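Okay, so here's the structure we're looking at.
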Amino acid sequence: MITDCHTHFGIPWVDRDGDNPENWLKIPEMYGVKKFYLYGHYNIYREKSVQADNDRLARITKKYPETFTPVASVWPQAEQDSVTEVLRCIEELNFKLLKFHPWIQGFSLAHPTMKKICDIAGQYKVPIIFHDGTPCYSLPEQIAGLARQFPKTTFILGHGGILWAWRSALEAMRQPNIWTMLCGSTMLAFEMFCEKTDTDRLLWGSDYGFSLIDSVGYRLHELTEARIPVPIIEKILTVNPTRLLEMSY
Ligand SMILES: [Zn+2]
């Protein structure tokens, strides 16, 4: 079963459908995509929406436990409050992953609270997904720096460098605690990741849900039409997403 590891229950969906993902699910179902790592959108867009959006993701997941794996976010600028929210999400709401978007959320990866959160994520074995590929706070090499500082924490490059920084993301994969999501980069980059890096640490994602449009078909075909051996494609779409969750707490 295909898992899309990069989706959002986006602001336009929340505003239109509330907590109900029935309409949201119709687009990926056309392509046989049935499992999702589900991120928020309000929680990375507005600091004051963090708890409400994390709660919403927890509610949706509780209703569809076979379909969704919830991914929490917080704002490190909130310092101790963000640490408290991370612990609430992990311990009380059963979140398995964290996601940060330093480019939209506007914080540096060198923020001392970000480092505290990396440490906690390592202790709880909760992988951290980062938006990556855009300066000035979301470069793969900056995330690789964190991965070196926190070798017990698993870090995931949410876009594999996107369009311009995928070569840096390839280098970042030298760190054994970094995984890469093939999402939003080029077909050539996908092929390079599969040829030159540890394919046990590759995931695929569509970034579906930020808007109401279908980004699943294009992004799925970008992978399936690339010159990548079929067993590796199958591993990326079905085996690795499950294995990552089994490795977490
Ligand atoms: Zn995204």
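Some values worked out for this structure:
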{"item": "Entirely in the stretch 142-249, the helices (runs of 4 or more DSSP H) that have 3 or more residues that are touching a strand residue (DSSP E or B) at 6+ places or on another chain (Cβ under 8 Å)", "result": "187-196, 216-224, 240-247"}
{"item": "Neighbours by Cβ (under 6 Å, 6+ apart or cross-chain): first from the stretch 1-30, closer than 24 Å to THR242 by Cβ; second open to solvent by 30 Å² or more (accessible area, probe 1.4 Å) and at pLDDT below 95", "result": "HIS8/PHE210"}
{"item": "Residue check for CYS136: without any contact (Cβ under 8 Å) to a residue 24 or more places away in the chain, outside any strand (DSSP E or B), away from the ligand (no atom under 16 Å from the Cβ) and not acidic (Asp, Glu)", "result": "yes"}
{"item": "Count - residues of the stretch 77-91 that are in contact with a Phe, Trp or Tyr (Cβ under 7 Å, 6 or more places away or on another chain) and more than 16 Å from GLY40 (Cβ to Cβ)", "result": "1"}
{"item": "Single match in ILE120, ILE104 (criterion: open to solvent by 10 Å² or more (accessible area, probe 1.4 Å), under 17 Å from ASN43 (Cβ atoms) and among the β-branched types (Val, Ile, Thr))", "result": "ILE104"}
{"item": "Output for the stretch 1-45, where each listed residue is under 18 Å from the mean Cα position of the chain (by Cα), more than 21 Å from PRO127 (Cα to Cα), more than 15 Å from the ligand (Cβ to nearest atom) and not hydrophobic (A, V, I, L, M, F, W, C)", "result": "LYS34"}
{"item": "Matching residues in the stretch 11-54 - criterion: being farther than 19 Å from GLY106 by Cβ, outside any helix (DSSP H, G or I) and not charged (D, E, K, R)", "result": "GLY18, ASN20, PRO21, MET30, TYR31, GLY32, VAL33, PHE36, TYR37, LEU38"}
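The values are calculated or read from the model by the stated rules, or taken from the named source; none is laboratory data. No experiment lies behind these values; they were computed from the predicted model shown. All Cβ positions, glycine included, derive from the backbone under ideal geometry; neighbour counts span all protein chains shown. When the accessible area is computed, the model is the full protein with side chains, heavy atoms only, and any ligands, DNA or RNA have been set aside. Shrake-Rupley method; radii C 1.70, N 1.55, O 1.52, S 1.80 Å.
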